[in-house]
Each structure stands twice: as structure tokens, then as C-alpha cells.
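Below is one structure, written out as C-alpha cells, with a few remarks after it.
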Amino acid sequence: MMVYAQDWMRGVQADRRKSRLAGRLAGRVGVGYNLIRFRPKVARRAVWADSAGGDRLAAAAGAGPVEDEESRPMSETLYRELFRDFGYPLTESDALPLGTIEQAEARLGVRAPTALREYYRVAGRESRFNASCERLLPPSDWRVEGKKLVFMEESQGLCAWAVSVQKRGVDDPPVSEGMLDDESTEWHVLKRQCSAFLAAMLHHQAVSGGMPHLFSGSLGQGPISEDRLKKQGWKCYGELKGETAYSRPNQVITVAPVALPWAKGWMVNAGGRTANDLEAIRSELGLENG
């Protein structure tokens, strides 16, 4: 992880913004916004290398037979595989017409990158995961800020996620996060690829209300080994804001470290397609009530 420090001369302004944000958080934090496991980073700008995550995504996108896979963009194949693994294969009713996307692009004078376009084309009207916690914006609500196309907002409007539209022809550009405070939005890169962001975010959405059966608990004995999870059939889809995302058919988990004065260890958020799917996760990982 590479960290870039903020300019020292801007420290006072940053402290003031954080103070205002803390006041807003104190009155607005609820079920859909967990400061421990999924929180905006406001203290400093950071860029995550995520090189391993890209390799995992490439491997995941090619795993398993998919109809007409060779004719599809890699990002579309990845999205279809994820929804299928979650137990909710995408159908025609989940797709958004291309004309709706093009109308929004014409209104804003930009073209959405392929990785984002393909998600909307296959899952733009899907409702179980797209709005279970954070909210995927319909193209009619897209907006451009600082040469970035804003396409998703946190459930209580505290931050937003946007993809760069500065360079045409970049199919899978970075996604940035911006805090929606009372002044101009400041953006920092969160994931180097839009498809990687959407894949990890889908896992967060799945364990935050998307899956029918949910559980949040702690590990009784140390962190989970990635090798152990791989042997048990889990695929890793990278890290997003402290959560590392894994899934296998009908089961989803995110794993995050917890380091607080009164609690240390690892928190696991799990989701299952059925009650038996969820119980299998709890039993296999030895999860304790959080």
C-alpha cells in the first residue's frame, strides 16, 4: 500500500472539514453505515496498489463455462459470474437499455467507460444488490464533478464514488471516492479498476442486505488464511475500504481487521442464499457472535 501525505499547508482546512464531518456522522450513522468495517478515509489521501487483486479478477472472470463468453467483454463475464455465484443469475429484466445510457452520456457530454457501461447494460435495473445498502445511481442521476462521472452514493449521502472520464478510450479506469461535505468535493483513488471496484462492492452489498440470510461475527482463533479459503472453494475479489471480499456458490463473506481499544481481531460479515448456506459458513469458519 502506497500512501501519499497531504500537503502540510492544507492541514488546517482538512482538520476543519473532519470536524464538520464528525458532527454529521454523530447524528447520521445507522444500520447501513458501519464505521468499523466500511468507512471513508478522511485523514489522508491514499492510493492502494491492488496488483494482486487484478490478477485474481482476471482469473475469476475466466473460470467456469459461460454461454458466448468469448464474444463478451471480460467485465460483463465477471459481472454475470458474480450474480450467478450469489444465486441470482442476471436476466433480461435486469438489463438497462443502451439508449438510456446514451441519453445520460449525451446530457453530460461524456462517454462512460466500458467497464461501467457493461455493468449497467447487464445489471442496471437489478434491485436486490444495487440498492441493498449503498445506492447505484440510475443514469438519469449521473453527474460530472472534476472530470469524474459520479455513479454511486453511500446510503446516507456521506460520500460518493466516481469513475474518471478524462481520457477517452480507457475501458477500465480507476474509481475515486469523495466526501460530500459542505465545501467542494475532494477525490482520492480507491480502486485502480472500475470492474474491481464493482466486484468488491457487490460483495459488500451482498452482506449488507442483499443476501436473504446474514450474520456478522468474529473469528475465534486468529485471521483466516487465504490458502485455507482457496482450498475451501472461496474466490477472492480484492479489498475495498478495509474489507476483503470472498464468494463461492450461494455464499459471500467479507473479512476485516478490527483494532479498537476495547476490541481487536477479525470481523466477518456473511451472507447465504439459504439458511443452510449461512450455517455452513458459520460452522466452517468457527464464527462467534459479534
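Please treat every number below as a calculation from the coordinates, not as lab data. These figures come from a predicted structure and were not determined experimentally. All Cβ positions, glycine included, derive from the backbone under ideal geometry; neighbour counts span all protein chains shown.
In table form, for the structure just shown:
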item: Greater than 24 Å apart at Cα, pairs in K231/K264; K147/K191; K191/K264; K191/K235; result: K231/K264; K191/K264
item: Ranked by how many other beta carbons lie within 10 Å on average, peptides 157-169, 76-88, 99-111, 195-207 from highest; result: 195-207, 76-88, 157-169, 99-111
item: Theoretical FRET efficiency, 1/(1+(r/R0)^6), r = Cβ-Cβ of L98 and R168, R0 22 Å, to 0.05; result: 0.75
item: Cα-projected label distance for Q156 with A275, points at 7 Å along beta-carbon direction, nm; result: 3.2
item: Protection proxy ranking of 247-253, 267-273, 184-190 - average other beta-carbon atoms within 10 Å, highest first; result: 267-273, 247-253, 184-190
item: Mean projected area in nm² (Cα convex hull; one quarter of hull surface) for region 178-248; result: 6.9
item: Region 212-289: C-alpha gyration tensor shape, a/c 1.5 cut-off, then a/b vs b/c; result: prolate
item: Tensor-based shape of region 137-267 (alpha-carbon gyration tensor, a/c under 1.5 rounded, otherwise prolate or oblate); result: prolate
